[in-house]
Ligand code: A3D
């Protein structure tokens, strides 16, 4: 049986890390695409040359030609520009929207059967635009943000409680960014919800609030430290978890930017929700009942994404 074909559109920091992870995990063969001639070819060759020492079997090819992504099973999109210190994700809208148009058309023409995971920011608006430009079905196009946001939340919680992060689960909803909604009552240590852990004296409400805020600001913290570019190791790992669930039909329950039609009071909109990812793509949106304050936070987050989607329509009339 042929190996799955995984196309990585964008061969920058995240794209290169994705290629390395795909090879290390032997998830399939890699096509690394970028417009910067030399970069995808160089990274693909460098990673391929690590194969003999690492012991993986995978073909890696770098390219600037969309024809090479033909028949890809998965496309992970990181093409565009990342944030610089002081920039918000939303500042990237205009430039990355143009990139999504080129990428969407490239996928439409060459890999219309692929499961597409968008990572380019501002995430929720870009995944919407990418779906519009590519014309693929909604269940085959999603965005990576929730897995990363909940991983950051889990990391901070495990640190605070001094327990294994394997026993910490976290639940986040809404758009990727400042309006993200971490749901503490659905986040647990070995099944014990966070509000109960506060009552048990494991932490204080103030410390928990600070962790929630640090999670919301998690991307900016890394941008500030790096001084040049944004996070890439954890974003790449998070997207790989989603791709693996699709390729192996694992049916993992993962939060991602998915098309929500009917749940959460939404009729046809991309935003971060818990989903089931299997061979059908986004097979299910997990709809939970929100408390009043949670719904208010979620609505605020949705409104922020709606503003960006409207801005996209203002920039590119084919989206209106
Ligand atoms: P970077 O290292 O700059 O890589 C981006 C690559 O895209 C570069 O190699 C460019 O040459 C390439 N590129 C630009 N235009 C095109 C095009 N039209 N077609 C193909 N390739 C193109 O950035 P990065 O890898 O650090 O980040 C990539 C994106 O991910 C940025 O938009 C980030 O803001 C975003 N990001 C999202 C998250 C989420 O959690 C959603 C986290 C971290 C970064």
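We did not get these values from a lab; they are worked out from the coordinates using the rules stated. Computed from a prediction, not measured in an experiment: that's the story for all the values here. Using ideal geometry, Cβ is built from the backbone for each residue, glycine included, and neighbour counts are taken over all protein chains shown.
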**Report entry** Euclidean distance between Cα centres, region 77-107 to region 31-55, Å
**Finding:** 23 Å
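Given an 8 Å cut-off on Cα distances and at least 6 residues of separation, report the relative contact order of the chain as a percent.
Averaging sequence separation for qualifying contacts and normalising by length gives 17 percent for the chain.
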Requested in this report: Using a/c under 1.5 as the rounded threshold, could you call region 143-302 rounded, prolate or oblate? The axes a ≥ b ≥ c are square roots of the C-alpha gyration tensor eigenvalues, and prolate needs a/b larger than b/c, oblate otherwise.
Outcome: rounded
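As a test of the formula, what do you get for the chain when each DSSP H run with n ≥ 4 contributes -39,500 (n - 2.57) and the sum is divided by the residue count, at 222 nm and rounded to the nearest 500 deg cm²/dmol?
Value at 222 nm, helices only: -13500 deg cm²/dmol.
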Query - Antiparallel bridge percentage (DSSP; both residues within the chain; nearest 5) - result: 50 percent
Report summary line: Classified through the alpha carbon gyration tensor (a ≥ b ≥ c as square roots of its eigenvalues; rounded if a/c is under 1.5, else prolate when a/b is larger than b/c, else oblate), region 36-139 comes out oblate
**Report entry** FRET efficiency for residue 207 and residue 313, using Cβ-Cβ distance with R0 set to 35 Å, rounded to 0.05
**Finding:** 0.25
Requested in this report: Could you tell me how many degrees, from 0 to 90 and to the nearest 10, lie between the Cα long axis of helix 205-216 and the main elongation axis, the longest principal axis, of the Cα atoms of the chain?
Outcome: 20 degrees
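Taking 0.36 nm per residue of sequence separation and subtracting the Cα-Cα distance, how much length would be gained by fully extending the chain between residue 50 and residue 288, in nm to one decimal?
Gain on extension, residue 50 to residue 288, equals 81.2 nm.
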Report summary line: In terms of the alpha carbon gyration tensor, root eigenvalues a ≥ b ≥ c, rounded if a/c is under 1.5 and otherwise prolate when a/b exceeds b/c or oblate, the chain is prolate
Report summary line: Final fewest-first order of 198, 172, 127, 302 on the 10 Å Cβ neighbour count is 198, 302, 172, 127
Report task. Working from Cα positions, state the angle (0 to 90°, nearest 10) between the long axis of helix 39-48 and the longest principal axis of the chain. Result -> 80 degrees
Report summary line: Measuring from the longest principal axis of the C-alpha atoms of the chain, the long axis of helix 13-24 (C-alpha) lies at a number of degrees, nearest 10, equal to 80 degrees
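Quick one: in region 120-211, what % of C-alpha pairs are over 21 Å apart?
40 percent
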Report summary line: Rounded to whole angstrom, the alpha-carbon centroid of region 147-223 lies from that of region 263-291 at a distance of 21 Å
Report summary line: Scaled by the rule-of-thumb 2.2 N^0.38 Å, the alpha carbon Rg for region 1-51 gives a ratio of 1.04
Requested in this report: Quote to one decimal, in nm, the extra length available between residue 233 and residue 217 on full extension: 0.36 nm per residue of separation minus the C-alpha distance between them.
Outcome: 4.1 nm
